[in-house]
Amino acid sequence: MSNEINTTITIGEAYRDGLGNLTLEDAKFFGRPNFSGEMDRFKDDRRKFTVLIPNDAADELRALGWNVKTTIPSREGEEPVSHLKVMLNFKADPNHPGEPGYERGPDVWVIQGEAREKLTSQTVGILDRSRIESMDMEIRAWNYNAQDVAENGDTPEYSARLVQMIVVLRPNVLAQKYGGLI
């Protein structure tokens, strides 16, 4: 059994001492995403998802510093699966503290038929169980041990943060019937 992953990955130009952003076109989730930030079975309520990475690109991304993991299958005949955990961070806009609709975070857009909607931290959870037709995204690397690198000369370690995502949902018969509701 083979995992067909048609994801196209473009590596952006590196800036400062970090990594360039990744653009993934026709991306697929590995496992169930947690856009809503619900507590999972591991007592983790961070907003995150895991995206599949083509095996032929996994080693190159790891060599650059991306934290790509590869799961070795337990059944004979199955191929390894490479994946990258991506975090979502929404923060209140300091210029508009406490005001709904003013937040900083990833740009997440949903397209269904003619309807287009930018999701917020309150609405992005609909993607947890949506039927996705296609998905493109941009991911940036965040150096989480920058102080250790500066002080001790350690090797930089990066986690992936969502910058932008565009999701096309499969047509919904009832939504089409009742006016394109998402």
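The values are calculated or read from the model by the stated rules, or taken from the named source; none is laboratory data. Predicted, not measured: the structure shown is a model, and the values here were computed from it. Please note: Cβ atoms are built from the backbone with ideal geometry, for glycine as well, and neighbour counts cover all protein chains shown. For accessibility, only protein heavy atoms count, side chains too; no ligands or nucleic acids. Shrake-Rupley method; radii C 1.70, N 1.55, O 1.52, S 1.80 Å.
If you wrap region 117-174's Cα atoms in a convex hull and average its projection over all directions, what's the area in nm²? Don't skip to the end; give the middle numbers.
Values: hull surface 22.4 nm².
Its average projected convex-hull area is 5.6 nm².
Points 7 angstrom from Cα along the Cβ direction at Thr123 and Asp26: gap in nanometres?
2.9
Once every DSSP H run of n ≥ 4 in the chain is given -39500 (n - 2.57) and the sum is divided by its residues, what mean residue ellipticity at 222 nm do you get, rounded to the nearest 500 deg cm²/dmol?
After summing the helix terms and dividing by the residues of the chain, the value is -3000 deg cm²/dmol.
Quick check: pseudo-label points 7 Å beyond the Cα along Cα→Cβ at Asp40 and Tyr178, how many nm apart are they?
Using points 7 Å along Cα→Cβ, the separation is 3.1 nm.
Tell me, in nm to one decimal, what length is gained between Asp56 and Met87 on full extension, where the rule is 0.36 nm per residue of separation less the Cα-Cα distance?
Additional length available on full extension: 8.8 nm.
Note down the nm distance, to one decimal, between modelled labels 7 Å out along Cα→Cβ at Leu64 and at Trp142.
Here the modelled spin labels are 1.9 nm apart.
Express the carbon and sulfur contribution to the solvent-accessible surface of region 35-87 as a percent, rounded to the nearest whole number, probe 1.4 angstrom.
Whole-percent figure for carbon plus sulfur exposure: 48.
Taking only protein heavy atoms into account and a 1.4 Å probe, give the accessible area per residue of region 105-177 in Å². Please report the intermediate quantities before stating the final value.
Values: 4280 Å² over 73 residues.
Ligands and nucleic acids excluded, the figure is 59 Å² per residue.
Please give the per residue accessible area of region 1-64, computed with a probe of 1.4 Å over protein heavy atoms only, in Å².
Spelled out: the 1.4 Å probe surface of region 1-64, per residue, equals 66 Å².
Between Glu78 and Thr155, what FRET efficiency follows from the Cβ-Cβ distance if R0 is 25 Å, with the result rounded to 0.05?
Efficiency, rounded to the nearest 0.05: 0.20.
Step through the residues of region 134-144 one at a time and calculate ³J(HN,Hα) from phi using the Karplus curve (6.51 cos²θ - 1.76 cosθ + 1.60, θ = phi - 60°), rounding each to whole Hz and writing x for Gly and Pro.
8, 8, 10, 7, 10, 10, 10, 8, 10, 7, 8
How big is the Rg/Rh ratio for the chain, C-alpha atoms only, Rh by Kirkwood, two decimals?
On the way: Rg = 18.0 Å, Rh = 18.1 Å.
Here the Rg-to-Rh quotient is 1.00.
Taking the Cβ-Cβ separation of Arg116 and Glu4 as r and a Förster radius of 25 Å, what is the calculated FRET efficiency to the nearest 0.05? Please report the intermediate quantities before stating the final value.
On the way: r = 28 Å, r/R0 = 1.14.
That gives a FRET efficiency of 0.30.
Over the chain, what is the mean sequence separation of C-alpha contacts under 8 Å (at least six apart), divided by residue count, expressed as relative contact order in percent?
Across the chain, relative contact order equals 23 percent.
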